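First the structure, in the form of structure tokens, and then the observations on it.
Since every read-out is calculated from the coordinates, none of them should be taken as a lab result. Given the structure is predicted, the values throughout are model-derived calculations rather than measurements. Virtual Cβ from ideal backbone geometry, glycine too; neighbours counted across all protein chains shown.
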Protein chains: 2
Amino acid sequence: MTEVKQLAQEAKTASQALGLSTTSEKNEALQAMAREVINREKDILAANDKDVAAGKQKGLSDYLLDRLRLSPERLQSMSKGLQALMELPDPLAVEPETWTRQDGLVIENRRVPLGVIAMVYEARPNVTVDAAGLCLKAGNAALLRGSSSAVHSNEALVGAMKAGLKARGLPETLVQLVNPENRDTVRELGQMRGLVDVIIPRGGAGLIQTVLEQSSVPVIETGIGNCHVYIEASAKKEMAISIAVDAKTDRPSVCNAAETILVDEQWATANGSALIEALLAEGVAIRGDENIQRLHDDVKQASEEDWATEYLAPVVALGTVPDTEAAIAHVRQFGTTHSEAIVTENEDKARAFQNQIDASSIYHNASTRFTDGAEFGFGAEIGISTQKLHARGPLGLGALTTNKYVISGHGHVKGGTAQ
Amino acid sequence: MTEVKQLAQEAKTASQALGLSTTSEKNEALQAMAREVINREKDILAANDKDVAAGKQKGLSDYLLDRLRLSPERLQSMSKGLQALMELPDPLAVEPETWTRQDGLVIENRRVPLGVIAMVYEARPNVTVDAAGLCLKAGNAALLRGSSSAVHSNEALVGAMKAGLKARGLPETLVQLVNPENRDTVRELGQMRGLVDVIIPRGGAGLIQTVLEQSSVPVIETGIGNCHVYIEASAKKEMAISIAVDAKTDRPSVCNAAETILVDEQWATANGSALIEALLAEGVAIRGDENIQRLHDDVKQASEEDWATEYLAPVVALGTVPDTEAAIAHVRQFGTTHSEAIVTENEDKARAFQNQIDASSIYHNASTRFTDGAEFGFGAEIGISTQKLHARGPLGLGALTTNKYVISGHGHVKGGTAQ
């Protein structure tokens, strides 16, 4: 048995035990895990220093180093995240739908944990704690396959969480760290159908594609967002500019940030310059089509590729469309079914856009930036699904569960022969 | 563009149009499809004759030929199946969950179709009509990849359904037949992420494994059932025998039939011979462990492989266990998370079995044969899922839908800067 298979087998056994735990047992474990993350602050920060030093030597960008770096404040925030999960309702503690057939057979559709959840992610140590906590609260074991750049930080964090689990009498094997040095472990995890119940990749398009290609285990695709804001002819000038600027600039590096702004041709003639000035004032580089280029000297020409690009940076593609049909067609062609917005005072156009676009979250007169578990009121999220199977949009605790039918009879048989 | 990609693209475009259709438009199309299947009886039966003749020449077994063969009665039954779908509630016509944030942003979680559903199946022409009808009722387009053994029958049936769609003004491309002569089309379908929303394989373990290995498109695994009936010490003799015989013999070739019967050691000593006699009387061949072999001369020795085998035939593995824990451990080791049953008068043992076993459907004092969409009251089913992602157990129309968030604001932005 390989090392990863061993870890998965242990996680499965642990998940079977956890499936029978009560809500308060799970909450007490979260509390203990939160405490250990703080108790071990010194060790965790020392481990993180090693990762940051190695990252500098490898020439990681400042942006990546910032994501990797831990601090007492960031540990506090992780610890509070675990405690916040205690307050959320237990997704398994929902009244099952139950019905009785005419012959007296009782069928109950019960919520149960998924079982073993594998997370494959990049050099963000906070995902280690977030994911483990969410999985635990929903009754699952977590197999964590982070980045080799964060290996020392992750070992220290997982060690703290294991100590918390142990302190509350739960199996430490509920949270398992998979060796990130071996690239083949991602493929291995993907082949463990029956042992691993789902793989959730969190990271860039390359990571997600690799997981999709290598897995027969079901995958939940998360997070690629080539999001659009479409400003329709009747849109109010101030509202449209405000939403477009917010969607692009509030936090350009995240998946729900806008990458393309589509503007009605007439609206562009009247208000396009103001929109461009507002974006430039926030430091956004603009790639525009001909109509947009005509409006301002600082607009570079957009290539076909720009419409398909998720910049995750202060760059935007700005295009014009003759009508809502053209906007819908553009979004259908280039969108990644994440988050799309229309700004309009025309209810019919809003309805057409929201009905005809196929995406996880479709906004009318609001910024795409709200696609988020906390914003939607789910309290926490394990990612934002852009696929249709299982669940779409921000995934809360409920998405980490499945169903099972529990049927009770008194000797019921299907054929006519017996009893 | 390959032929399959072309078909998928057309199906996607058609599904976008269908997503906006009303329930009655869809029902009228089902009605017209049902009518055309009957109108074209002569042509369909002639096409089927070709397939059956070719099948005989290829040496298909009588069993497979029977599954392949159509008759006026079977066409009537298919046509009635389409009409029955008209009576079922539209899975998209459910009141969406809607909530309003304190800042006035309204979030609606709406049911929407999956989009394009690919079915990969074997030489059963009835799946062609069933699947197309179910997909349509839930607002989806169907890509049907049947067996080359049924190609003429499937062409004739799809032709009839396309005529029905056309008669009601819906795109014929909602039902697309994929050329089964080219084996590579299964792999091709599996790589069309973004175009095909889900692949549902229906057939033997080999087919399902092939689809799983070749697909980055999400797959719903259906139907492999190594199902168990566990007779606990306190089980009533007559009830236990009746359930075990029904689960094994009511229809041995289907996935919810029992393949292994586990018997409490003490119960076996008292009643094992009667159970064996009852199974033998129904023509079941028995492979038993030592305890069982001791009870009857006609019991052959079970090998380790027998515990893992889905016979789909009148053969059963019969083993003894000392207690419920051992039964649970056995089912965990060899079960395929399809359907499992315990027969007992002890409520605690029943609860332990139902809580601790992870399967789509877990029975107390009832036969495993009830795992079925019609029996569960869903009206119809597209398969029985044995995976945890998306849905488990019999998949009704609801499982052919997903969700989408529709959010309405009045200029809502996330950052503090704007408006």
Using only alpha carbon pairs under 8 Å that are at least six residues apart, calculate the relative contact order of region A:227-370 and give it in whole percent.
33 percent
Using only Cα positions of region B:227-370, each an equal point scatterer, no hydration layer, compute I(q)/I(0) via Debye at q = 0.13, 0.15 Å⁻¹ and quote the log10 values to two decimals.
-0.45, -0.61
Can you find, among A:208, A:218, A:239, the residue farthest towards the positive end of the dipole of region A:160-239? Put +1 on the C-beta of Lys and Arg, -1 on that of Asp and Glu.
A:239
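Taking the Cα centre of chain B as origin and charging only Cβ (+1 Lys, Arg; -1 Asp, Glu), how large is the dipole, in debye to the nearest 20? Don't skip to the end; give the middle numbers.
Details: 41 positive and 55 negative charges, 361 e Å.
Dipole of chain B, to the nearest 20 debye: 1740 debye.
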Taking the Cα centre of region B:227-370 as origin, work out the dipole magnitude from +1 charges on Lys and Arg Cβ and -1 charges on Asp and Glu Cβ, in debye rounded to 20.
280 debye
Test of understanding: extend the Cα→C-beta vector of residue B:13 to 7 Å, then name every residue of region B:182-206 with backbone N under 20 Å from that spot.
B:189, B:192-197
If you take every residue apart from residue A:219 with its C-beta less than 15 Å away from the C-beta of residue A:219, what net charge results, scoring Lys and Arg +1 and Asp and Glu -1?
+1
Enter the mean number of other protein chain beta carbons within 10 Å of the beta carbon of each residue in B:235-242, as an integer.
3
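Classify the protein assembly as shown as rounded, prolate or oblate from the Cα gyration tensor: take a ≥ b ≥ c as the square roots of its eigenvalues, call it rounded if a/c is under 1.5, otherwise prolate when a/b beats b/c and oblate if not.
Details: a/c = 2.18, a/b = 1.30, b/c = 1.67.
Oblate, since a/c reaches 1.5 and b/c is not below a/b.
Excluding residue B:286 itself, calculate the net charge of residues whose Cβ lies under 15 Å from the Cβ of residue B:286, where each Lys or Arg counts +1 and each Asp or Glu counts -1.
Values: positive: B:248, B:287, B:294, B:300; negative: B:259, B:277, B:282, B:289, B:290, B:297, B:298, B:306.
So the surrounding residues net to -4.
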Summing +1 per Lys or Arg and -1 per Asp or Glu among the other residues with Cβ less than 10 Å from residue B:359's Cβ gives +1
Acute angle (nearest 10 degrees) that the helix B:23-39 long axis makes with the longest principal axis of chain B, alpha-carbon atoms:
70 degrees
Run the numbers on chain A and let me know its relative contact order in percent, using alpha-carbon pairs under 8 Å that are six or more apart.
17 percent
Given axes a ≥ b ≥ c from the Cα gyration tensor, I'd like to know whether chain A is rounded (a/c under 1.5), prolate (a/b larger than b/c) or oblate.
oblate
Under a cut-off of 18 Å between alpha-carbon atoms, report the lysines in cross-link reach of residue A:80, not counting same-chain residues fewer than 8 places apart.
A:26, A:42, A:137, A:162
With just the Cα atoms defining each centre, how far is region A:346-364 from region A:125-145? Give it in Å.
34 Å
Part-to-part distance (alpha-carbon centres) for region A:216-238 and region A:147-162, which is given in Å
33 Å
Estimated vicinal HN-Hα couplings, Hz - region A:304-309 in sequence order (Karplus 6.51, -1.76, 1.60; Gly, Pro = x)
3, 5, 4, 5, 9, 8
Region A:59-65 - phi-based ³J(HN,Hα) in whole Hz, Karplus 6.51/-1.76/1.60, Gly and Pro as x:
x, 4, 5, 4, 4, 5, 4
Looking for one value pair here: nearest-to-axis residue in chain A (by Cβ) for the rotation onto B, and the distance in whole angstrom.
A:390, 2
At residue B:323, with labels set 7 Å past Cα in the Cβ direction, how many nm apart are the copies from this one, shortest first?
7.5
Amide H within-cut-off set for residue A:115, under 5 Å, with H built and near neighbours excluded:
A:141
Around residue B:230, which amide H atoms from residues at least 5 apart in sequence, or from another chain, sit under 5 Å from its own amide H, with H modelled in the peptide plane?
B:262, B:341, B:342, B:343
Between residue B:258 and residues 5 or more places away or on another chain, the pairs with built amide H atoms under 5 Å apart involve B:248
Zone of residue A:348 (label point 7 Å along Cα→Cβ, backbone N under 17 Å): which residues in region A:319-340?
A:323-328
Enumerate the lysines that residue B:58 could reach by cross-link, defined here as Cα to Cα under 23 Å, with residues fewer than 8 away along the same chain left out.
B:50
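Rounded to the nearest 500, what is the 222 nm mean residue ellipticity of chain A from helices alone, with -39500 (n - 2.57) per DSSP H run of 4+ residues and division by all residues? Show your work: numbers first, answer last.
Details: 14 runs with 176 residues, N = 419.
The per-residue figure over chain A is -13000 deg cm²/dmol.
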Evaluated at 20 °C with a viscosity of 1.002 mPa s, what Stokes-Einstein diffusion coefficient in µm²/s does region A:1-136 have when Rh comes from the Kirkwood expression over alpha-carbon pairs?
120 µm²/s
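Taking beta carbons within 10 Å but only from partner chains, what does the mean come to for residues B:97-108?
Details: counts 0, 0, 2, 0, 4, 0, 2, 1, 7, 2, 8, 2.
Per residue, the average neighbour count from other chains is 2.
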To make sure I understand the rule: partners must be lysines, Cα under 28 Å from the Cα of residue A:248, and not fewer than 8 residues away in the same chain. Which ones qualify?
A:236, A:237, A:300, A:349, A:388, B:404, B:414
